[in-house]
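The values are calculated or read from the model by the stated rules, or taken from the named source; none is laboratory data. The structure presented is a predicted model; accordingly, all values stated were derived computationally and were not measured. So basically every Cβ, Gly included, is an ideal-geometry build from the backbone, and we count neighbours across all protein chains shown.
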Amino acid sequence: MSDSIYLILLGMIAGFINTFAGGGSMLVVPFLIFMGLPANIANATNRIAILCQDIVSAATFRKKGILNLRSDYKLLIPTAIGSIIGALVAVDINEDILKKVIAILLVFMFFVVLLKPDVWIKTRIEAANSQKMFWRFLIFLGIGFYGGFIQIGVGFFLLAGLVLGCGFNLLKANAVKVFIILFYTILALVIFIWHDLVDWKTGLILSCGNMMGAWIGTRLSIKWGAKYIRYILLVALVLVALKLFDFSL
């Protein structure tokens with residue numbers, strides 16, 4: 001098969017995984033590097049597919065009433081600021097040590113998801129005072145920085161912040177996660193384009209697959225609900241953590 005077919009199939013898998021949990025970029029970025037793209041160009045090119053994928057997912061979640069743009073925009077500002085800073089840092093990326101740190105955090109998150117299932121399935125919206133809002137701002141600023149910097153696995157941390165910090169169940173958290181990533185990806189992509197780091201042909205071909213995977217994944221996540229999303233999240237956490245530790249799968 002040609003590289004284009006591989007890119008579309010890989011994009012479908014990544015788009016599906018990213019819609020349910022996160023970590024699809026762990027498949028895409030190494031493949032782009034294997035194709036001959038430098039790491040920073042592979043990292044930047046992947047953002048085109050992420051952008052197209054999240055346009056499809058956000059539109060579907062909004063149409064089904066899961067995502068409410070009027071009330072779900074409040075976390076955009078800190079993540080956007082963080083993503084701009086992270087993208088600027090990512091222009092010259094060196095990620096080996098960061099990968100190991102992220103892997104350890106994902107293992108920790110796995111046990112949190114495993115041992116406290118109700119937290120991830122039930123909605124627990126609470127009124128936020130000024131202190132909670134301050135901490136939420138810092139948390140999502142940090143998540144935005146990581147997302148702008150490397151993107152890989154950022155969905156996991158957004159889900160953790162939205163469920164544990166904001167009280168959403170996993171279905172609602174997935175919808176807001178997609179919306180946040182869509183917004184800050186636009187900002188990060190502008191920086192990568194400015195530095196001429198985007199391979200447009202590769203990114204657009206990859207996007208075709210990501211959009212198809214996102215279309216399927218979004219509809220299944222709505223149909224199955226938070227309980228089944230949790231199971232997929234647990235599997236994804238294990239696989240991505242193993243990959244980051246460079247274990248054979």
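Key figures
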| read-out | value |
| --- | --- |
| Scope region 18-50; condition among the β-branched types (Val, Ile, Thr) and closer than 18 Å to residue 174 by Cα; matching residues | 19, 50 |
| First in region 184-203 and closer than 18 Å to residue 10 by Cβ, second anywhere and surrounded by fewer than 18 Cβ atoms within 10 Å (Cβ to Cβ), Cβ under 8 Å, 6 or more apart | 202/35 |
| Residue match in region 152-165 (condition: at pLDDT 80 or above, in a helix (DSSP H, G or I), in contact with a Pro (Cβ under 6 Å, 6 or more places away or on another chain) and closer than 27 Å to residue 29 by Cβ) | no |
| Search result, residues across region 50-99 that are modelled with pLDDT of 85 or more and among the basic types (Lys, Arg) | 62, 63, 64 |
| Failed item, numbered, when residue 71 is tested on (1) among the polar types (S, T, N, Q); (2) in a loop (DSSP other than H, G, I, E, B); (3) under 18 Å from residue 184 (Cβ atoms) | (3) |
